[in-house]
Amino acid sequence: MDNSEKTEVVLLACGSFNPITNMHLRLFELAKDYLNGTGKYRVIKGIISPVGDAYKKKGLISAHHRVIMAELATKNSEWVEVDTWESLQKEWVETAKVLRHHQEKLEAGSCDHQQDAPMQARPGQKRKWAEQRQDISPKKLLEPKPKDVPKIKLLCGADLLESFAVPNLWKSEDITQIVGDYGLICITRAGNDAQKFIYESDTLWKHRNNIHLVNEWVTNDISSTKIRRALRRGQSVRYLVPDLVREYIEKHDLYSYESEEKNAGVILAPLQRKPADTHSNCTA
Amino acid sequence: MKSRIPVVLLACGSFNPITNMHLRLFEVARDHLHQTGMYQVIGGIISPVNDHYRKQGLVAAHHRVAMARLALQTSDWVRVDPWESEQLQWTETVKVLRHHHSELLRSLPRREGPDHSRARTAPTAVPELKLLCGADVLKTFQTPNLWKDAHIQEIVEKFGVVCVSRTGHNPKEYISGSPILHRYRHNIHLAREPVQNELSSTYVRQALSQGHSVKYLLPDAVITYIRDHNLYTRDSSWKGSSTQRSEGKTGWEESASPQNSS
């Protein structure tokens, strides 16, 4: 399948990135290799979207620092970048909304790309408008012409997938939207557990073709939690996080016993939202 | 005030190629020894094995040394030493240890006169050279004929070992299962890597030969070097050393453009 028939994909990773680690960065590489390897997709960009402070997770340091560290970490990446939109919002934003924001941004961008567009149509309108434009000016487009506007997909680890089952953490319609409208790339070393999890959920099962499980053969346990713990204990985190990130952490003395106590006793933002329309599991 | 014993860590191995996991060994070992309160780690040495070791897939020593050097560019305490790789034949680990230990002693500042008082900066103890390795290497002590018993004894008795844990390995078992290791267990330091990491050079070579990304598994500078020199591509992965040798080894074929993704 030549490039013109492949679906262009943008991978979006949401999370605390507290701090970003080599494991986070590996997720992007593994996902890109996998999707490109199917022959059906072409990954064109990766976006890291650190969560806002209003998420109120214990130990979550200021978004300002987390964004800078992510930017330092992706300085040498040709295709992964950091987006600050989510972190700048005053209130916590649901992941489905972040996905929607970025998909709309892509569609607006694609529109402008084809011709100088003075207006920005809504997604539904945009598609029709774009088709019309194609008839009028075929040559000006990118060559080869991509199948459609690039698609946003959520990149995550198995922990996020399985968090769908945590009571009141996710709205069921958000889950449906995430796997139905966008799609999930889930990097996991416990492929069987993830498959079983999908099997046991009607919603996930229905959209299983949109959930890509990528096996992580090399167990990579560089979690941010362990990094913070090592830093508190004066242990080296060299080669677990990019050097620039490590230097930044040291320079600003970011992680300590005190910083780990931030938000202690505070309820996580998603759990504060009214559980009126959430269900305790993600069956449709 | 009790002063610490200065220690230099020596890691032997193929380093084919060097990865972040190898680099981590040094960090974990240093933290561990410092935590005991007894040691002060003053240096680290990576000693890539000689080509004559003849391990399958081993690329030329000059490449492996160059990659290690690139990887250590930003390190202020670990360096690569090509002595072992430059010998005419494969050298047993104990001999590498002996060599570097005598080099270490030779490089110490000489003391002058009996009334020379202890200088504040001079170490009060002779530096020790310890073998740094993963638990998988400790296990190989059991492999018949791989190590000479006398060598194992010398390694643990005269030098000492710092062994970093690895998934699927139980170093305590290896120690209790060997009379020599057991006798000198006080000189075998078991360091725990808190971050489970199954990264291996084998995995990296496989990924590279399949054109997959290895970014963040090893330093960028090493990845660039591998790409520039066409190492570990599909065509080259099962050949031996890249230099021509007369013993029937196949030469190094220039492979087609590697399909590495960045």
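The values are calculated or read from the model by the stated rules, or taken from the named source; none is laboratory data. What you are looking at is a predicted structure, and each value in this text was computed from that prediction instead of being measured. Every residue, glycine as well, gets a Cβ built from its backbone with ideal geometry; the counts of neighbours run over all protein chains shown.
Those residues that are away from chain A (no Cβ under 14 Å) and either touching a residue at least 40 places away in the same chain (Cβ under 8 Å) or buried (at least 18 other Cβ atoms within 10 Å of the Cβ) (or both), I need them from the stretch B:163-179; list them, please. Working first, answer last.
Pass one, the stretch B:163-179, residues away from chain A (no Cβ under 14 Å): B:163, B:170-179.
Across the stretch B:163-179, the qualifying residues are B:Cys163, B:Pro171, B:Tyr174, B:Ile175, B:Ser178.
Okay, residues lined up against (1) in contact (Cβ under 8 Å) with a residue 60 or more places away in the chain; (2) closer than 21 Å to B:Lys158 by Cβ; (3) crowded, with 21+ Cβ neighbours inside 10 Å; (4) touching a helix residue (DSSP H, G or I) at 6+ places or on another chain (Cβ under 8 Å):
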| position | (1), (2), (3), (4) |
| --- | --- |
| B:Leu10 | yes, yes, yes, yes |
| B:Asp51 | yes, no, yes, yes |
| B:Ala60 | yes, no, no, yes |
| B:Ser75 | no, no, no, yes |
| B:Gln89 | no, no, no, yes |
Scanning the stretch A:61-82 residue by residue, those in contact (Cβ under 8 Å) with a residue 40 or more places away in the chain and either among the small types (Gly, Ala, Ser) or away from chain B (no Cβ under 14 Å) (or both) turn out to be A:Ile61, A:His65, A:Arg66, A:Ile68, A:Met69, A:Ala70, A:Ala73, A:Ser77
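Pick from B:Ala191, B:Ala135: which is under 19 Å from B:Gln35 (Cβ atoms), more than 14 Å from chain A (Cβ to nearest Cβ), small (Gly, Ala, Ser) and in contact with a His (Cβ under 7 Å, 6 or more places away or on another chain)?
Details: B:Ala191 fails: more than 14 Å from chain A (Cβ to nearest Cβ).
Sole residue among the options that is under 19 Å from B:Gln35 (Cβ atoms), more than 14 Å from chain A (Cβ to nearest Cβ), small (Gly, Ala, Ser) and in contact with a His (Cβ under 7 Å, 6 or more places away or on another chain): B:Ala135.
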Criterion violated by B:Pro123 - all others in (1) part of a helix (DSSP H, G or I); (2) at pLDDT below 95; (3) more than 14 Å from chain A (Cβ to nearest Cβ) satisfied | (1)
Those residues of the stretch A:162-187 which are without any contact (Cβ under 8 Å) to a residue 40 or more places away in the chain and within 15 Å of A:Leu213 (Cα to Cα) amount to A:Glu162, A:Val179, A:Gly183, A:Leu184, A:Cys186
Which one is nearest to A:Ile61 (Cα to Cα), of the residues in the stretch A:245-263 that are away from every other protein chain (no Cβ under 12 Å), buried (at least 19 other Cβ atoms within 10 Å of the Cβ) and of a type outside the set (A, V, I, L, M)?
-> A:Tyr255
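Tally time: how many residues in the stretch A:229-244 are over 21 Å from B:Leu199 (Cα atoms) and either buried (at least 21 other Cβ atoms within 10 Å of the Cβ) or more than 10 Å from every other protein chain (Cβ to nearest Cβ) (or both)? Spell out the reasoning first.
Our first condition is that a residue be over 21 Å from B:Leu199 (Cα atoms); within the stretch A:229-244, this holds for A:229, A:231-234, A:244.
Subsequent filtering for residues that are either buried (at least 21 other Cβ atoms within 10 Å of the Cβ) or more than 10 Å from every other protein chain (Cβ to nearest Cβ) (or both) retains A:231-232, A:244.
Qualifying residue count for the region: 3.
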Considering every residue within the stretch A:58-72, establish whether at least one is touching a strand residue (DSSP E or B) at 6+ places or on another chain (Cβ under 6 Å), small (Gly, Ala, Ser) and under 24 Å from B:Leu23 (Cβ atoms).
-> yes
Name the residues in the stretch A:207-220 that are within 11 Å of chain B (Cβ to nearest Cβ) and either of a type in the set (S, T, N, Q) or more than 19 Å from the chain's Cα centre (by Cα) (or both), would you?
-> A:Trp217, A:Val218, A:Thr219, A:Asn220
Filter the stretch A:195-206 down to the residues that are surrounded by 16 or more Cβ atoms within 10 Å (Cβ to Cβ) and hydroxyl-bearing (Ser, Thr, Tyr), then identify the one that is nearest to the other protein chains (Cβ to nearest Cβ).
-> A:Ser201
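What do you reckon, is A:Asn192 more than 13 Å from chain B (Cβ to nearest Cβ), under 24 Å from the mean Cα position of the chain (by Cα) and surrounded by 15 or more Cβ atoms within 10 Å (Cβ to Cβ)?
On the way: more than 13 Å from chain B (Cβ to nearest Cβ): yes; under 24 Å from the mean Cα position of the chain (by Cα): yes; surrounded by 15 or more Cβ atoms within 10 Å (Cβ to Cβ): no.
So A:Asn192 fails the test.
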Could you please find all residues in the stretch B:61-96 being among the aliphatic types (A, V, I, L, M) and assigned to a helix (DSSP H, G or I)?
-> B:Ala61, B:Val65, B:Ala66, B:Met67, B:Ala68, B:Leu70, B:Ala71, B:Val94, B:Val96
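Determine whether the stretch B:248-259 contains at least one residue that is modelled with pLDDT under 50 and either aliphatic (A, V, I, L, M) or touching a Pro at 6+ places or on another chain (Cβ under 9 Å) (or both).
The initial filter retains those residues of the stretch B:248-259 that are modelled with pLDDT under 50, namely B:248-259.
Subsequent filtering for residues that are either aliphatic (A, V, I, L, M) or touching a Pro at 6+ places or on another chain (Cβ under 9 Å) (or both) retains B:256.
Yes, some residue in the stretch B:248-259 is modelled with pLDDT under 50 and either aliphatic (A, V, I, L, M) or touching a Pro at 6+ places or on another chain (Cβ under 9 Å) (or both).
Please go through the stretch B:37-52 and give me each residue that is under 30 Å from B:Arg4 (Cα atoms), more than 14 Å from chain A (Cβ to nearest Cβ) and not in a loop (DSSP other than H, G, I, E, B), ordered by number. It would help to see each step written out before you state the result.
Step one: list which residues in the stretch B:37-52 are under 30 Å from B:Arg4 (Cα atoms), which gives B:37-48.
Adding the requirement that they be more than 14 Å from chain A (Cβ to nearest Cβ) leaves B:38-40, B:42-43, B:45, B:47-48.
B:Tyr39, B:Gln40, B:Ile42, B:Gly43, B:Ile45, B:Ser47, B:Pro48, listed by residue number.
Considering the stretch B:127-143 alone, what residues qualify as being in contact with a strand residue (DSSP E or B) (Cβ under 8 Å, 6 or more places away or on another chain) and either part of a loop (DSSP other than H, G, I, E, B) or among the polar types (S, T, N, Q) (or both)?
First pass over the stretch B:127-143, keeping only residues in contact with a strand residue (DSSP E or B) (Cβ under 8 Å, 6 or more places away or on another chain): B:127-135, B:137-138.
Listed by number, the list holds a single entry, B:Pro127.
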Answer with yes or no whether A:Asp277 is loosely packed, with under 14 Cβ neighbours inside 10 Å and modelled with pLDDT of 90 or more.
-> no
Test for B:Lys55: is it farther than 30 Å from B:Asp235 by Cβ, in a loop (DSSP other than H, G, I, E, B) and not polar (S, T, N, Q) | no
Log entry, pairs with first residue in the stretch B:16-32 being at the interface with another protein chain (Cβ under 8 Å from one of its Cβ atoms), second being acidic (Asp, Glu), beta carbons closer than 7 Å, six or more apart or on different chains, reads B:Arg24/B:Glu193; B:Val28/B:Glu193
The one condition B:Asp228 fails out of (1) buried (at least 16 other Cβ atoms within 10 Å of the Cβ); (2) under 30 Å from A:Glu78 (Cβ atoms); (3) at pLDDT 95 or above is (1)
Could you say whether any residue in the stretch A:35-49 is closer than 22 Å to A:Leu240 by Cβ and of a type outside the set (S, T, N, Q)?
-> yes
Among (1) modelled with pLDDT under 95; (2) crowded, with 19+ Cβ neighbours inside 10 Å; (3) not acidic (Asp, Glu), which single condition is B:His32 missing?
-> (1)
So, of the residues in the stretch A:1-51 that are assigned to a loop (DSSP other than H, G, I, E, B), over 14 Å from the mean Cα position of the chain (by Cα) and more than 14 Å from chain B (Cβ to nearest Cβ), which turns out to be surrounded by the most Cβ atoms within 10 Å (Cβ to Cβ)?
-> A:Asn18
Residue satisfying all of: in the stretch B:204-225; closer than 15 Å to A:Arg26 by Cα and more than 10 Å from chain A (Cβ to nearest Cβ); surrounded by the most Cβ atoms within 10 Å (Cβ to Cβ) among these | B:Leu208
